[in-house]
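Here the structure is laid out as structure tokens; the discussion comes afterwards.
Taken together, the values in this text are just the output of simple stated rules run on the coordinates, not laboratory data. Treat the numbers as computed from the prediction; the structure is a model and nothing was measured. Cβ placement follows ideal geometry from the backbone for every residue including glycine, while neighbour counts extend to all protein chains displayed.
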Amino acid sequence: MIEQNDICKKFGFNVKVERMRKNYTQAYLAEIMNVSVTYISDIERGSQNVTLKTIEKIANALNVDIHKLMYFD
């Protein structure tokens with residue numbers, strides 16, 4: 001079983017990878033999502049436990065399927 005902290009870190013890593021693929025800065029992603037840069041940074045570091053609504057918002061902002069962000073190898 002995967003620990004919650006590990007899930008947050010893996011999710012955050014996936015967000016960062018997809019953000020960088022789009023050549024988006026954390027500031028740009030934050031602007032699109034109408035959240036703070038600190039919030040994006042916290043997500044990418046795995047220190048933020050996000051809601052399903054936030055996951056959907058991130059996926060939409062990055063124009064990727066949710067499953068791409070939720071894939072944990």
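Structure values in brief
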read-out	value
Selected residue (only one of ILE7, ILE40, ILE32 is touching a residue at least 12 places away in the same chain (Cβ under 8 Å) and under 15 Å from ILE66 (Cβ atoms))	ILE7
Complete set of residues in segment 5-19 that are of a type in the set (Val, Ile, Thr) and in contact with a helix residue (DSSP H, G or I) (Cβ under 7 Å, 6 or more places away or on another chain)	VAL15
Some residue of segment 2-15 being among the basic types (Lys, Arg) and assigned to a loop (DSSP other than H, G, I, E, B)	no
